[in-house]
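The values are calculated or read from the model by the stated rules, or taken from the named source; none is laboratory data. From a predicted model like this one, the values you see are computed outputs, not experimental measurements. Using ideal geometry, Cβ is built from the backbone for each residue, glycine included, and neighbour counts are taken over all protein chains shown.
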Amino acid sequence: MSGVRVSVGTRKGAFVLTSDGKRERWDVNGPHFGGWEIYHLKGSPADPNRLYASQSSGWFGQVIQRSNDGGKTWEPVGNQFVYDGVPGTHQWYDGTPRPWEFKRVWHLEPSLTDPDTVYAGVEDAALFRTIDGGQKWQELPSLRDIKGHLWQPGAGGMCLHTIMLDPGNPTRIFIAISAAGVFGTDDAGKTWRPMNRGLKSQYELPDPDAEVGHCVHRIAMHPSRPGVLFMQKHWDVMRTDDAGESWQEVSGNLPTDFGFPIDVHAHEPDTIYVVPIKSDSEHYPPDGKLRVYRSRTGGHEWEALTKGLPQSHCYLNVLRDAMAVDALDPCGVYVGTTGGQVYASADAGNTWAPIVRDLPAVLSVEVQTLP
Amino acid sequence: MIRVVLPAHLRTLAHVDGEVTLDVGGQVTQRSVLDALEARYPMLRGTIRDQVTQQRRAFVRVFACEQDLSHEPPDAPLPDAVATGAEPLLIVGAMAGG
């Protein structure tokens, strides 16, 4: 019987949660790297037992860990992330220039075809790649040429947090940065273009529809339809049907269009999920109710999913990398919270139950569907 | 033989228990001890000092013989008691956790 492996990164370690295809009973393995911040861990689509983890600490910096047995054991690999050339400056919060400085790896995206190739999105924002299983990391530097001097940090830091590989075109990559926006390459990272037309940041940027500088929180795609992308921006839920050339707002009837994660149903390319958050200064759900919202129409029309989720006195957050879906039928949806819960739905969001309730604050959730 | 005490998280990372003992050729300095430590335990590279600039990480301190050596030049000789192995060199995570 098939199963799922849920990899959870938290403020104080990593946890690996496994279940069979019913997704009713769970084994909890961890903490791995206890006491360290695990911003992200993710398995290779080409070798499901190969996992990579970003382990970091304000004291001891960045470590990258690799597992060859599905997260049971780990070994540290290369952790040297050096910007190419003279990195120059970006904007600080007050608009003054600030030198680029590596802080941590936010997101690891293994190649769809090669377990030894992995992309790393880092803070201060840049994209790195390894082709030897994590021993050496090299920047794809031309990304920062796209008006990098105008990029600025969001509240969490100036992070490259989303890396999406086009399953139909191995040279096409989309990435997203807070606060710079979406960028795309059609030549495997040699050249990049900003893809922010249609975004409006009236209260964040002096020019609301600037080419770069938008605080994009997350983008998502369905693998069968890589020209259609969905975005949770700082405010606004957006959609593009032309692979990022132009974006339209699809916030519709959401109670608030601020939020962090967004994801797409595994089998229904127009079914998408967000977690509305009250505002950019009140990072908790409106009305003290944790509600995942689902649209079956690719946006505009949304329904609240509440069964099994806390509907009173709930003031946690769901961070941008903390929602994922599995590929079983029905599709499973997973949400990790800053309160330490990982909620799972085995019926596409209709009903929810916690897998774990008391982990450290959850930074990321990834799911692998296992044969 | 030089004795080095690592903070708990770095002992875990390096898979060691208790003190680390190192053979250090030539003059015993912070730099030569860290060079020997990182050669023996490559997974510690970047966790105590930057891999490019060799600057001590801001939240790491270095103590020995009841002295704070964090701000000593990296090539300054360490105390004789460290060089002879009578006292350990302490790599310490700064007291920033509350």
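When each of B:Thr21, B:Thr47 is tested for being closer than 30 Å to A:Gly13 by Cα, buried (at least 17 other Cβ atoms within 10 Å of the Cβ) and of a type outside the set (A, V, I, L, M), the lone residue that passes is B:Thr47. Considering only residues of region B:53-66 that are surrounded by 11 or more Cβ atoms within 10 Å (Cβ to Cβ) and either without any contact (Cβ under 8 Å) to a residue 12 or more places away in the chain or over 17 Å from A:Trp59 (Cα atoms) (or both), which is farthest from the other protein chains (Cβ to nearest Cβ)? It comes out as B:Cys65. Scanning region A:199-218 for residues that are buried (at least 16 other Cβ atoms within 10 Å of the Cβ) and either not hydrophobic (A, V, I, L, M, F, W, C) or not in a loop (DSSP other than H, G, I, E, B) (or both) gives A:Lys200, A:Ser201, A:Glu204, A:Glu211, A:Gly213, A:His214, A:Val216, A:His217, A:Arg218. Scanning region A:65-83 for residues that are under 21 Å from the mean Cα position of the chain (by Cα), in contact (Cβ under 8 Å) with a residue 24 or more places away in the chain and more than 10 Å from chain B (Cβ to nearest Cβ) yields A:Arg66, A:Gly70, A:Gly71. Report yes if some residue within region B:74-90 is within 11 Å of chain A (Cβ to nearest Cβ), polar (S, T, N, Q), free of Cβ contacts under 8 Å to residues at least 12 places away in the same chain and in a loop (DSSP other than H, G, I, E, B); otherwise report no. No: zero hits. Take A:Val274 and tell me if it is touching a residue at least 12 places away in the same chain (Cβ under 8 Å), surrounded by 23 or more Cβ atoms within 10 Å (Cβ to Cβ) and over 30 Å from A:Arg193 (Cβ atoms). No, not satisfied. Of the residues in region A:20-29, at least one is closer than 25 Å to A:Asp116 by Cα, surrounded by fewer than 23 Cβ atoms within 10 Å (Cβ to Cβ) and at pLDDT 95 or above. With a cut-off of at least 3 residues that are among the hydroxyl-bearing types (Ser, Thr, Tyr) and modelled with pLDDT of 95 or more, name the strands (runs of 3 or more DSSP E) lying wholly within region A:40-96. Ranges flagged: A:47-57.
Checked against (1) modelled with pLDDT of 95 or more; (2) farther than 17 Å from A:Val63 by Cβ, B:Ile48 meets all criteria but (2). Considering the conditions (1) surrounded by 15 or more Cβ atoms within 10 Å (Cβ to Cβ); (2) over 10 Å from the mean Cα position of the chain (by Cα); (3) in contact (Cβ under 8 Å) with a residue 40 or more places away in the chain; (4) more than 14 Å from every other protein chain (Cβ to nearest Cβ), B:Val33 is excluded by exactly one of them, (2). Please list, ordered by residue number, the strands (runs of 3 or more DSSP E) wholly in region A:322-371 having 1 or more residues that are modelled with pLDDT of 95 or more and closer than 24 Å to A:Glu109 by Cα. Because the criterion is at least 1 residues that are modelled with pLDDT of 95 or more and closer than 24 Å to A:Glu109 by Cα, the strands (runs of 3 or more DSSP E) in region A:322-371 that meet it are A:323-325, A:333-336, A:342-345, A:362-370.
Working only within region A:49-64, note down all residues that are within 12 Å of chain B (Cβ to nearest Cβ), in contact with a strand residue (DSSP E or B) (Cβ under 6 Å, 6 or more places away or on another chain) and among the aliphatic types (A, V, I, L, M). Answer for region A:49-64, where residues must be within 12 Å of chain B (Cβ to nearest Cβ), in contact with a strand residue (DSSP E or B) (Cβ under 6 Å, 6 or more places away or on another chain) and among the aliphatic types (A, V, I, L, M): just A:Val63.
Screening B:His71, B:His15 for residues that are of a type outside the set (A, V, I, L, M) and within 14 Å of chain A (Cβ to nearest Cβ) leaves exactly one candidate, B:His15. Restricting attention to region B:10-44, the residues that are in contact with a Lys or Arg (Cβ under 6 Å, 6 or more places away or on another chain) and more than 23 Å from A:Ser57 (Cα to Cα) add up to 1. Within region B:1-12, the set of residues being touching a residue at least 24 places away in the same chain (Cβ under 8 Å), within 13 Å of chain A (Cβ to nearest Cβ) and more than 20 Å from A:Arg66 (Cβ to Cβ) comprises B:Leu6, B:Pro7.
May I ask you to verify whether A:Phe102 is within 29 Å of A:His283 (Cα to Cα), within 14 Å of another protein chain (Cβ to nearest Cβ), surrounded by 19 or more Cβ atoms within 10 Å (Cβ to Cβ) and hydrophobic (A, V, I, L, M, F, W, C)? Spelling it out, A:Phe102 is indeed within 29 Å of A:His283 (Cα to Cα), within 14 Å of another protein chain (Cβ to nearest Cβ), surrounded by 19 or more Cβ atoms within 10 Å (Cβ to Cβ) and hydrophobic (A, V, I, L, M, F, W, C). If the condition is being within 19 Å of the chain's Cα centre (by Cα), assigned to a loop (DSSP other than H, G, I, E, B) and small (Gly, Ala, Ser), then region A:143-180 contributes A:Ala155, A:Gly156, A:Ala179.
Being surrounded by 18 or more Cβ atoms within 10 Å (Cβ to Cβ), within 14 Å of chain B (Cβ to nearest Cβ) and either without any contact (Cβ under 8 Å) to a residue 60 or more places away in the chain or in contact with a Phe, Trp or Tyr (Cβ under 7 Å, 6 or more places away or on another chain) (or both) is the requirement here; does A:Pro87 meet it? Answer is yes for this residue.
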